[in-house]
Amino acid sequence: MIVRTMAALIDTLHQDHKNYAVLLNLLSAEADKLERGQEPDFVRMYDIANYMVSYPDTYHHPHEELIFDVLGALEPDCSEQVLELNNEHRQLAVTGQTLKAAVNGVINGAIIPMDRILENARAYIDLLWKHMDMEEGSIFPKAKNTLEDSEWQLINDKISQVEDPLFGDVVLTQYQKLYEGIIRNSDT
């Protein structure tokens with residue numbers, strides 16, 4: 001098992017947030033097209049939503065919740081924020097699945113109002129930005145300053161080590177087109 005220090009774990013979560021920001025910007029650009037009456041890249045939107053409900057909801061958020069739970073138990077003044085963040089993880093999962101299903105429907109020929117797709121995309125984008133801002137601005141710094149090595153080790157022992165399928169060393173085939181789009185956008 002890989003042993004992560006507190007700094008490495010927080011750095012990994014922070015890097016994940018930077019990666020998610022790239023995806024949120026891409027998703028927002030597609031939503032902007034939709035809002036202007038242009039046709040967005042629905043496949044890109046689907047790939048982003050699919051990734052977000054597959055990797056962050058399955059691995060990243062549960063890792064954060066381990067930190068939240070320990071921090072909330074040690075610092076009662078954080079318990080309200082911890083509860084809100086945990087609730088937002090559930091909201092993000094539902095909102096992400098809703099967006100994924102709607103975009104998948106469009107791709108597969110279903111008649112879905114474009115304003116619903118736009119509403120779903122904006123709701124997901126807004127919630128995740130707000131969520132990451134609270135984690136980065138409040139909870140992560142508090143965790144760094146509060147948790148001791150023994151708490152970090154307890155958290156580390158419960159973490160499943162999984163390679164990020166989009167931003168890791170090996171990009172899964174299902175995310176190859178999205179990865180290429182990210183590279184193209186970073187070159188401009």
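Within segment 6-19, the set of residues being modelled with pLDDT of 95 or more, surrounded by 14 or more Cβ atoms within 10 Å (Cβ to Cβ) and over 11 Å from H60 (Cα atoms) comprises N19 only. Scanning segment 34-63 for residues that are within 14 Å of A121 (Cα to Cα) and polar (S, T, N, Q) yields a single hit, N50. Against the test of being farther than 21 Å from S150 by Cβ, surrounded by 20 or more Cβ atoms within 10 Å (Cβ to Cβ) and touching a helix residue (DSSP H, G or I) at 6+ places or on another chain (Cβ under 6 Å), the options L71, L23 yield a single qualifying residue, L23.
Any residue at all in segment 140-150 that is free of Cβ contacts under 8 Å to residues at least 60 places away in the same chain, polar (S, T, N, Q) and loosely packed, with under 15 Cβ neighbours inside 10 Å? Spell out how you get there, then give the answer.
If we filter segment 140-150 for residues that are free of Cβ contacts under 8 Å to residues at least 60 places away in the same chain, which is where we start, we get 141, 145, 148, 150.
Retained after the next criterion (residues that are polar (S, T, N, Q)): 145, 150.
Keeping just the survivors that are loosely packed, with under 15 Cβ neighbours inside 10 Å gives 145, 150.
Yes - at least one qualifying residue is present in segment 140-150.
Could you look through segment 154-185, keep only residues that are of a type outside the set (D, E, K, R) and without any contact (Cβ under 8 Å) to a residue 24 or more places away in the chain, and pick out the one that is surrounded by the most Cβ atoms within 10 Å (Cβ to Cβ)?
First, the residues of segment 154-185 that are of a type outside the set (D, E, K, R): 154-156, 159-162, 165-168, 170-176, 178-179, 181-183, 185.
When the remaining residues are screened for being without any contact (Cβ under 8 Å) to a residue 24 or more places away in the chain, the result is 168, 170-173, 176, 179, 183.
Working: G168: 13, V170: 8, V171: 18, L172: 16, T173: 8, Q176: 12, Y179: 16, I183: 9.
Step by step, filter segment 154-185, then rank; the result is V171.
Taking the listed residues L92, L74, the one that is farther than 18 Å from L166 by Cβ and either among the polar types (S, T, N, Q) or touching an Asp or Glu at 6+ places or on another chain (Cβ under 9 Å) (or both) is L74, with no other qualifying. Considering S138, S160, the condition of being small (G, A, S), within 22 Å of the chain's Cα centre (by Cα) and not in a helix (DSSP H, G or I) is satisfied by S160 alone. Please find, within segment 26-46, the residue that is surrounded by the fewest Cβ atoms within 10 Å (Cβ to Cβ) out of those that are of a type in the set (A, V, I, L, M) and in contact (Cβ under 8 Å) with a residue 40 or more places away in the chain. In this case the residue turns out to be V43.
Taken together, L83, L92 contain a single residue that is part of a helix (DSSP H, G or I) and surrounded by fewer than 18 Cβ atoms within 10 Å (Cβ to Cβ), which is L83. Scanning segment 70-120 for residues that are of a type in the set (D, E) and in contact with a Ser or Thr (Cβ under 9 Å, 6 or more places away or on another chain) returns a single hit, E75. The residues on offer are D47, D57, and the sole one that is on the phi < 0 side of the Ramachandran plot, among the acidic types (D, E), modelled with pLDDT of 95 or more and in a helix (DSSP H, G or I) is D47. Taken together, the criteria exclude A102 from residues that are surrounded by fewer than 17 Cβ atoms within 10 Å (Cβ to Cβ), of a type in the set (A, V, I, L, M) and assigned to a helix (DSSP H, G or I).
For segment 63-79, the set of residues classified as touching a residue at least 12 places away in the same chain (Cβ under 8 Å) and either outside any helix (DSSP H, G or I) or not aliphatic (A, V, I, L, M) (or both) consists of H63, E64, E65, F68, D69, E75, C78, listed by residue number.
The values are calculated or read from the model by the stated rules, or taken from the named source; none is laboratory data. Here the structure is a predicted model, which means the values were calculated and not measured. Note: ideal-geometry Cβ built from the backbone for every residue, glycine included; neighbour counts use all protein chains shown.
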